[in-house]
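My questions will all concern the structure given below.
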Amino acid sequence: MSDVADLMKMPEESIDMIAATSVLQQQAADIRTKTINWASYMQSQMISQEDYQCISALDNSKAAYLQSNPAQAVKTLLNLLSHVSKDSTIQYIMVMIDDLLQEDRSRVDIFHEYCAKRKECVWGPFLNLLNRQDGFIVNMSSRILAKLACWGHEMMPKSDLNFYLQFLKDQLTVQCKKYISEMTALSKRIQTIIIHSDGHDKGHTNHLDLVEFLKYREQAAAAGKTSNEYIQSVARCLQMMLRIDEYRFAFVSVDGISTLVRILSSRVNFQVQYQLVFCLWVLTFNPLLATKMNKFTVIPILADILNDCAKEKVTRIILGVFRNLIEKPTDAQVAKEHCIAMVQCKVLKQLSILEQRRFDDEDISADVEFLTEKLQNSVQDLSSFDEYATELRSARLEWSPVHKSAKFWRENAQRLNEKNYELLRILVHLLETSKDPIILSVACYDIGEYVRHYPRGKHVLEQLGGKQIVMQLLGHEDPNVRYEALLAVQKLMVHNWEYLGKQLEKDNETQKQGSAAISGKA
């Protein structure tokens, strides 16, 4: 796979970041055909004579006027954004600015230089437009901000950067929820129509139901295209931003990785999957971020997508992330843990399937070969505790053999205390947050075994709040969870009884020794 430095030189369209028929592009094409009556704005004194002459000239020949009057062009465009409030006119100005930058990236510097000379903020006008109600203005403003931040020599200042990245993160979440909600509602409606149609006699054709079904299917496609377009537009901006190392850390600081993972775990389509995995891939080029990545359960989520996806570009980008997670960390132990996590998530099985397929992209074959070799080597070195720790960190507990092994718990129970009780804390967290009955059952069993084989386990568990959570699970709706919680509570109590028994024996022994001493004196 190409290095991220090569991607910096590529236009967005060249890396599959935009579709020629996208809704945003179609809207922009329609807006370009409109004619704005700038004379009426000048006559009503909303714009100056100077700005009127400039915008009229830009309407006739953008490139020629910009080359001879760059400062005036920027001044007028920014003035218009500040003094015009009508949505349709703002849309027109935004398309003009976006086109100017898209035609020649170096024009970004004209905006920066103009504002720097006047000690003005180039980001302010566009950041303010992110609060507009019009979706086209918001998304076009976001595109321009990304270009200003990535194509020029001027970096976006920290406060503006954090605001912008938070906006992108929030928009991804909102648009994704909207899209899924619309798709769910329309799917239910279509399902209802189908069920209703099936209820008629086989020989009877219900023309109304068929028409209604086709109508809702068209609506579903249209809604999906529109909603998805805004997700894709936001994701495109993020793809641009995260190719710059300084911006990556700012994105992580606003909890961006968790947002990407959460959306990828929902039912978004393959294009959005590709774009968001692309963002993760770019992040993993930084060794420090590659080291921390799987703490966000990136590997399990991507393994699931790899298992289900049929699109070559999604497969390619996921394999690229996996390769970076092994190659980029400077700590060999971290790379080993990532390999084990991939093995745990059945990635080897997917790699063997991919080996049988023919791909036009040579990078895919190379990545499959590299990953297969690394994962097979890690399997040979895999200890039972490595396997257990990786499964626990993946938050996907299942009844694998290691859990039921008495030998494993005798030898390794105390190791749950390592790194400030890291693994034990994960177990308690799963008990508190998971809704999966299997995960809860396995976690209860492991808690019981930990307490049974580690003398101070009960005290540690109480300190971490685990005992109370296990007690609460005694009333869980699932019978298997109730059963395992009961066993865990019994082990907690037995441990306590053994401790009390030893204390009683010790007290009795002390009393006997005391009585003997008194008798000797007498």
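What number of residues within region 152-194 satisfy the criterion of being at pLDDT 90 or above, closer than 30 Å to Leu264 by Cα and among the acidic types (Asp, Glu)?
So the answer is 2.
Sticking with this structure for a sec: Given the structure, is Asp134 in contact with a His (Cβ under 9 Å, 6 or more places away or on another chain) and either more than 20 Å from Leu238 (Cβ to Cβ) or surrounded by fewer than 20 Cβ atoms within 10 Å (Cβ to Cβ) (or both)? Don't jump to the end; show me each part of the working.
Working: in contact with a His (Cβ under 9 Å, 6 or more places away or on another chain): no; either more than 20 Å from Leu238 (Cβ to Cβ) or surrounded by fewer than 20 Cβ atoms within 10 Å (Cβ to Cβ) (or both): yes.
It is false that Asp134 is in contact with a His (Cβ under 9 Å, 6 or more places away or on another chain) and either more than 20 Å from Leu238 (Cβ to Cβ) or surrounded by fewer than 20 Cβ atoms within 10 Å (Cβ to Cβ) (or both).
Where the second residue is part of a helix (DSSP H, G or I) and surrounded by 23 or more Cβ atoms within 10 Å (Cβ to Cβ) and the first is free of Cβ contacts under 8 Å to residues at least 40 places away in the same chain and of a type in the set (Lys, Arg) and lies in region 263-278, which pairs have Cβ atoms under 7 Å and are six or more apart or on separate chains?
none
When you scan region 330-337, do you find a residue that is in contact with a Phe, Trp or Tyr (Cβ under 8 Å, 6 or more places away or on another chain) and either part of a helix (DSSP H, G or I) or at pLDDT below 95 (or both), even just one? Break it down into steps so the answer makes sense when it comes.
Of all residues in region 330-337, those in contact with a Phe, Trp or Tyr (Cβ under 8 Å, 6 or more places away or on another chain) come to none.
Within region 330-337, none of the residues are in contact with a Phe, Trp or Tyr (Cβ under 8 Å, 6 or more places away or on another chain) and either part of a helix (DSSP H, G or I) or at pLDDT below 95 (or both).
Does Ser197 meet the test of being modelled with pLDDT under 65, open to solvent by 20 Å² or more (accessible area, probe 1.4 Å) and touching an Asp or Glu at 6+ places or on another chain (Cβ under 7 Å)?
Values: modelled with pLDDT under 65: yes; open to solvent by 20 Å² or more (accessible area, probe 1.4 Å): yes; touching an Asp or Glu at 6+ places or on another chain (Cβ under 7 Å): yes.
Yes: the conditions hold for Ser197.
Which of the numbered conditions does Asp360 fail, given that it passes all the others? Conditions: (1) over 30 Å from Ala413 (Cα atoms); (2) of a type in the set (Asp, Glu); (3) modelled with pLDDT of 90 or more; (4) open to solvent by 70 Å² or more (accessible area, probe 1.4 Å).
Only one criterion is unmet by Asp360, namely (3).
Follow-up. Of the residues in region 463-480, how many are within 18 Å of Ile426 (Cβ to Cβ) and either open to solvent by less than 80 Å² (accessible area, probe 1.4 Å) or in contact with a strand residue (DSSP E or B) (Cβ under 7 Å, 6 or more places away or on another chain) (or both)?
So the count comes out to 7.
For residues that are open to solvent by 10 Å² or more (accessible area, probe 1.4 Å) and under 16 Å from His403 (Cβ atoms), tally how many sit in region 432-453. Give the steps one after another, and end with the answer.
From region 432-453, those open to solvent by 10 Å² or more (accessible area, probe 1.4 Å) are 432-439, 445, 452-453; that's our starting set.
With the extra rule that they be under 16 Å from His403 (Cβ atoms), the set shrinks to 434, 436-439, 445, 452-453.
Number satisfying all stated conditions: 8.
Pairs needed: first member in region 81-105, more than 15 Å from Met46 (Cβ to Cβ); second member anywhere, open to solvent by 10 Å² or more (accessible area, probe 1.4 Å) and of a type in the set (Gly, Ala, Ser); C-beta distance under 8 Å; at least 6 residues apart or different chains.
From region 81-105, the pairs are Glu103/Ala63.
Take Lys435 and tell me if it is at pLDDT below 95 and over 27 Å from Glu387 (Cα atoms).
Working: at pLDDT below 95: yes; over 27 Å from Glu387 (Cα atoms): no.
The answer is no for Lys435.
Let me ask something else. Look at region 387-444 and say how many of its residues are basic (Lys, Arg) and either in contact (Cβ under 8 Å) with a residue 60 or more places away in the chain or not in a helix (DSSP H, G or I) (or both). Reasoning before the result, please.
Residues of region 387-444 basic (Lys, Arg): 393, 396, 404, 407, 410, 415, 419, 425, 435.
Cutting the leftovers down to either in contact (Cβ under 8 Å) with a residue 60 or more places away in the chain or not in a helix (DSSP H, G or I) (or both) gives us 393, 396, 435.
Looking only at that region, the number is 3.
A follow-up question, please. Which of the residues that make up region 290-317 are of a type outside the set (Asp, Glu), open to solvent by 10 Å² or more (accessible area, probe 1.4 Å) and over 14 Å from Leu264 (Cα atoms)?
Thr291, Lys292, Asn294, Lys295, Ala310, Lys311, Lys313, Arg316
Out of region 231-262, which residues are open to solvent by 10 Å² or more (accessible area, probe 1.4 Å), under 18 Å from Val174 (Cβ atoms) and not basic (Lys, Arg)?
Passing the criteria: Gln232, Val254, Asp255, Ser258, Val261.
Cβ contacts < 6 Å: first residue among the aromatic types (Phe, Trp, Tyr), restricted to region 60-78; second residue buried (at least 18 other Cβ atoms within 10 Å of the Cβ) and part of a helix (DSSP H, G or I), any location; separation 6+ or different chain. Result?
Note: pairs meeting the criteria are Tyr65/Ala57; Tyr65/Leu58.
Still on this structure, please answer the following. Can you confirm whether region 276-295 contains a residue that is of a type in the set (Gly, Ala, Ser) and over 27 Å from Leu392 (Cβ atoms)?
no
The values are calculated or read from the model by the stated rules, or taken from the named source; none is laboratory data. Model, not experiment: these values are computed from the prediction. In this analysis, Cβ positions are derived from the backbone assuming ideal geometry, glycine residues included, and neighbour counts consider all displayed protein chains. For the accessible areas, the whole protein counts, side chains as well, though only heavy atoms, and no ligand, DNA or RNA atoms are used. Shrake-Rupley method; radii C 1.70, N 1.55, O 1.52, S 1.80 Å.
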